[in-house]
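The values are calculated or read from the model by the stated rules, or taken from the named source; none is laboratory data. Not measured: the values here are computed from a predicted model. For neighbour counting, all protein chains shown are included, and Cβ atoms are generated from backbone atoms with ideal geometry for every residue, glycine included.
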Amino acid sequence: MRAKHIYVLLSIFLIISACSPKQRADLPTPTEPVFLTLPVTDTPAAPTETPQPTNTPLPALERAQYTLNTTIDYDAKTISVDQTILYPNLTGHQLNTLVLAVIPNLWDGSFALTSLVIDGQPVSAYTLNGQRLDISLASLLPAGGATEIQIQYTLTLPFAEQEDPSISRPRIYGYTSRQINLVNWYPFVVPNIGGQWILHDPWYYGEHLVYDPADYEVNLKFSDPASAPIVASSGVPEAQPDGSARYTISAARTFALSASREFQTSSTQVGDVTLTSYYFAFNEAGGQAALQASAQALQVFGARYGVYPHKSLAIVMGDFNDGMEYSAFYYLSKDFYNLYDGTPANYLTFVAVHETAHQWWFDQVANDQALQPWLDESLATYSERIYYESAYPDIVSWWWSYRIDFYKPEGFVDIPIYEGQGFRPYTNATYFQGAHFLEKVRQRIGDEAFFAFIQDYFNQGRGKIVTANDFFRILSAHAGSNDISDLINQYFRSVYR
């Protein structure tokens, strides 16, 4: 087993799970949220037809609604989007500005804004700098009110297979020789918590974005329908009379999409959920194994945590050495497929399970991924252990030694991504030490209390952005007379009571 492990280490740079690629080289090392000071920029060109203001009141909304009318030129690697956001002000206070994340703008020449209209009026009072779009509202948006944002833009996808030794992980957004990958590709309103817009700086590893839940409708067509690729997406597709497809998903954190003319697919059903595996030629065995692992995990986690809310789950072989979760969608590294050995004791299986677990610990229960990344990563990692004890109990000890303890993890669990001191120390602490902490808590309080805590945490956090204080408040309520303060002091640098 050790020889196999060394082979894996030599073959790939371990991609454990959800981490976004570095976007810039000149990043600071903050420990608090980073809010950029923006210079004044040029206003966009006026739209060819000036929209007329509307006085029609918007309906009361439970969450934001995104509609993206999208046309892809697959060969040119360009995309045109006419996007509408219905944004309800659920902050509890009035707003005079909005802040949107525009991640494609981190790549030179990738994002071109052509029109920006709010409630029927063209907007000129805005600044776009890097990933951040600040919009000054013409009038205050009251608490409980809603506004309509219309954005037209084009995307020119960057080539994502470029080697860069200064970047810890491959870029996903963009295109490779075999696929295009649209992740964090549309402007979205970032969360406003305690009067602050939450948009952190990107980092060399880990995720920096925080998302409110939203409903999505993506109307997709290709400029050459005759040669349209196979599409994997977060949403459930519905064919339209004009040859386009409409994809929808509700209460999701993101909408991701991957397209390739070389995709092969295999599907299975778990209840009313359709799982589809997308993979390339000569990787059918790995594609089937990832599908089976996710289907098993969906059943295990549905019973242990709570119901999976979506009607589909896309499992996508990435033409890059990375893995990443999105709502009802995740990527697995191509090397996991290439090294698949036909058994459940391998990277492809436990990373597929890890990414499936993020459908609970990211999509349903969200957290600040930059400042408190352990809240989703520790639980997703420990979920692998829960999967193995349910599906393959004879190899749980293998999982601990091969997946976790081989790296001799150390460090405090509750570090932000900016203080990880490198990818390996960061994952050792956030993922692996976090798994050890959860195992010791489970041993201390017992299975009944532990899983009651997990379910309560899930139910209270579903649809929200939780914090470490929420986690420990709910855990304390289920620990009963069991004192876990020594475990908290051992694994966490902050005091939680």
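Among the conditions (1) in a loop (DSSP other than H, G, I, E, B); (2) among the hydrophobic types (A, V, I, L, M, F, W, C); (3) crowded, with 20+ Cβ neighbours inside 10 Å, LEU291 misses just one, which is (1). Every condition in (1) in contact (Cβ under 8 Å) with a residue 24 or more places away in the chain; (2) part of a strand (DSSP E or B) is met by PRO237 except one, and the failing one is (1). All conditions but one from (1) surrounded by 16 or more Cβ atoms within 10 Å (Cβ to Cβ); (2) touching a strand residue (DSSP E or B) at 6+ places or on another chain (Cβ under 8 Å); (3) of a type outside the set (Gly, Ala, Ser); (4) at negative phi apply to ASP73; the one that does not is (1). The sole residue among GLY174, GLY243 that is modelled with pLDDT under 95 and not charged (D, E, K, R) is GLY243. Within region 254-275, count every residue that is on the phi < 0 side of the Ramachandran plot and either surrounded by fewer than 18 Cβ atoms within 10 Å (Cβ to Cβ) or in contact with a Pro (Cβ under 6 Å, 6 or more places away or on another chain) (or both). Summing the residues that are on the phi < 0 side of the Ramachandran plot and either surrounded by fewer than 18 Cβ atoms within 10 Å (Cβ to Cβ) or in contact with a Pro (Cβ under 6 Å, 6 or more places away or on another chain) (or both) in region 254-275 gives 13.
Sub-6 Å Cβ pairs linking a first residue in region 406-418 that is closer than 24 Å to LEU209 by Cα to a second residue that is surrounded by fewer than 15 Cβ atoms within 10 Å (Cβ to Cβ) and of a type in the set (Gly, Ala, Ser), at least 6 apart or interchain, are ASP414/SER494, ordered by first then second residue.
Can you pull out the residues in region 440-497 that are over 16 Å from PHE362 (Cα atoms) and β-branched (Val, Ile, Thr)? Matches in region 440-497: VAL441, ILE445, ILE474, ILE484, ILE488, VAL495.
For region 105-133, which residues satisfy the criterion of being surrounded by fewer than 19 Cβ atoms within 10 Å (Cβ to Cβ) and acidic (Asp, Glu)? If the condition is that a residue be surrounded by fewer than 19 Cβ atoms within 10 Å (Cβ to Cβ) and acidic (Asp, Glu), then ASP108 is the only one that fits. Looking only at residues of region 225-234 that are in contact (Cβ under 8 Å) with a residue 40 or more places away in the chain and within 30 Å of ALA101 (Cα to Cα), we find that the one that is farthest from the chain's Cα centre (by Cα) is ALA228. Filtering region 85-104 to residues that are under 24 Å from GLY130 (Cα atoms) and surrounded by 16 or more Cβ atoms within 10 Å (Cβ to Cβ) leaves ILE85, LEU86, TYR87, LEU95, LEU98, VAL99, LEU100, ALA101, VAL102, ILE103, PRO104.
In region 100-163, counting only strands (runs of 3 or more DSSP E) that sit wholly within it, none holds 2 or more residues that are modelled with pLDDT under 95, under 24 Å from the mean Cα position of the chain (by Cα) and of a type in the set (A, V, I, L, M, F, W, C). Going through (1) touching a Pro at 6+ places or on another chain (Cβ under 9 Å); (2) over 18 Å from SER266 (Cβ atoms) one by one, GLY318 falls short only on (2).
If you check GLN455, GLN443 for being closer than 26 Å to SER481 by Cβ, in contact (Cβ under 8 Å) with a residue 24 or more places away in the chain, surrounded by fewer than 16 Cβ atoms within 10 Å (Cβ to Cβ) and polar (S, T, N, Q), only one passes: GLN455. Just to confirm my filter: which helices (runs of 4 or more DSSP H) fall fully inside region 316-430 and include at least 2 residues that are at pLDDT 95 or above and under 26 Å from THR274 (Cβ atoms)? In region 316-430, the matching helices (runs of 4 or more DSSP H) lie at 334-338, 347-357, 374-391. All conditions but one from (1) at pLDDT below 95; (2) farther than 16 Å from ALA328 by Cβ apply to SER260; the one that does not is (1).
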